[in-house]
Amino acid sequence: MKKYFLKLSCCLALFLSGCSSTTQSEHANTIEQPTINLSKQIPILFLHGSGGSENDLIAFAESITDDQAVTKLMVTIDGHNHLTYLNQLSDKNKRPFIFIGFKDNNAAIEDWSKSLATLLQDLTRHYQFQTINLVGFSNGGLAAGYFAETHSEYHNLPSLDKLVMIGAPFNDLTPLNNTDPLDFNDLSTKDTYFDKFLQKKEQLPSDLNVLAIAGDIGDASFSDSVVPISSAFGSRLIFPDHVRYYEEQLSYGQAASHVGLISDNKDVSNWVKNFLFVSKQTGAPQQNIVSHLKKR
């Protein structure tokens, strides 16, 4: 993933000074979290993409609930892993949905992953969560995937049961091996970040269940207009042999654009809802890999 820097040192100093004062103010205004036992609840944490905020996936989350009661917890995390809670949970809350906003919303995925670990340690201390599920969009999906690989490196974290990655660019935006059929089992050129995933894949939890979703807008670009299908499904070279369950789904048409994947896309909403709440990933390890595009 590309990193962007301000070239003028004076501008950088002013920028950091402004960020510091804002962050301290926001951190000071955090809403204190109670200490209650929600160990029987399995929260779902939602991670936005680069340039996003904690609000980006609220509408998508609501689309997978069937109007069932859920509780929203909003939290932002700055570049120093300071947490700012915008509200709190209570002992009456069921089915918590936790929306994370990374204040440094173009940081490296390793940084987001570490921030996620910090948040989960704090949430576990307050709410005694035992198990969590993650839903990540775009680079948020990469951060969630990297967190799954490094989960065992942290202490006092809840177990990770289900991982959903939507339009996650595992091989950056490189349109390699984007051919029909999509039955590739290797990539001709791997991005630096892809190699990082490959290096840690054996650390994945063996009981993890994974859903990877890609989009094809149908213009012969073999992409969701931003992320190539082969990049989003680069996850098949990382997860299947090391987790309990791995599934791919491919959305088609204009609703399958990158942002469209989380914006009123009924197929995606139904796949995620079924994966999280309906289907049971039990028994022997399973794989469901997309190998061919639909005929146009």
Could you go through region 61-83 and let me know if any residue there is acidic (Asp, Glu) and without any contact (Cβ under 8 Å) to a residue 40 or more places away in the chain. yes
Given Asp56, Asp66, which one is over 23 Å from Gly145 (Cα atoms) and part of a loop (DSSP other than H, G, I, E, B)? Asp66
From the set of residues in region 216-226 that are modelled with pLDDT of 95 or more and surrounded by fewer than 24 Cβ atoms within 10 Å (Cβ to Cβ), which is farthest from Ile109 (Cα to Cα)? Ile217
Looking only at region 233-258, how many residues end up being among the aliphatic types (A, V, I, L, M), touching a strand residue (DSSP E or B) at 6+ places or on another chain (Cβ under 9 Å), assigned to a helix (DSSP H, G or I) and crowded, with 18+ Cβ neighbours inside 10 Å? 1
Is it the case that region 175-185 has a residue that's at pLDDT 95 or above and either in a loop (DSSP other than H, G, I, E, B) or β-branched (Val, Ile, Thr) (or both)? no
Asp78, sole failed condition from (1) surrounded by fewer than 17 Cβ atoms within 10 Å (Cβ to Cβ); (2) at pLDDT 95 or above; (3) acidic (Asp, Glu): (1)
Can you find even one residue in region 259-276 that is in contact (Cβ under 8 Å) with a residue 12 or more places away in the chain and in a strand (DSSP E or B)? no
Being part of a helix (DSSP H, G or I) and more than 15 Å from the chain's Cα centre (by Cα) is the filter; apply it to region 72-126 and report the residue that is farthest from Ser39 (Cα to Cα). Thr118
Counted residues, region 277-296 - those being of a type outside the set (S, T, N, Q), modelled with pLDDT of 80 or more and not in a helix (DSSP H, G or I): 2
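Okay, residues lined up against (1) among the charged types (D, E, K, R); (2) closer than 26 Å to Asn288 by Cβ; (3) in contact with a Cys (Cβ under 9 Å, 6 or more places away or on another chain):
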| residue | (1), (2), (3) |
| --- | --- |
| Trp112 | no, no, no |
| Leu116 | no, no, no |
| Glu149 | yes, yes, no |
| Phe194 | no, yes, no |
Tell me, please, whether a residue that is under 17 Å from the mean Cα position of the chain (by Cα) and hydroxyl-bearing (Ser, Thr, Tyr) can be found in region 195-213. no
Keeping to region 89-112, report how many residues are farther than 17 Å from Ile44 by Cβ and surrounded by fewer than 21 Cβ atoms within 10 Å (Cβ to Cβ). 11
Can you tell me which residue in region 132-158 is surrounded by the fewest Cβ atoms within 10 Å (Cβ to Cβ), limited to those that are at negative phi and more than 16 Å from the chain's Cα centre (by Cα)? His155
So which of Ile213, Ile262, Ile229 is farther than 22 Å from Ser291 by Cβ, buried (at least 22 other Cβ atoms within 10 Å of the Cβ) and touching a strand residue (DSSP E or B) at 6+ places or on another chain (Cβ under 6 Å)? Ile262
Just the residues that are surrounded by 22 or more Cβ atoms within 10 Å (Cβ to Cβ) and more than 15 Å from Leu163 (Cβ to Cβ), please, taken from region 113-131. Ser115, Leu123, Tyr127, Phe129
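The values are calculated or read from the model by the stated rules, or taken from the named source; none is laboratory data. Given the structure is predicted, the values throughout are model-derived calculations rather than measurements. Neighbour counts run over all protein chains shown; Cβ positions are idealised from the backbone, glycine included.
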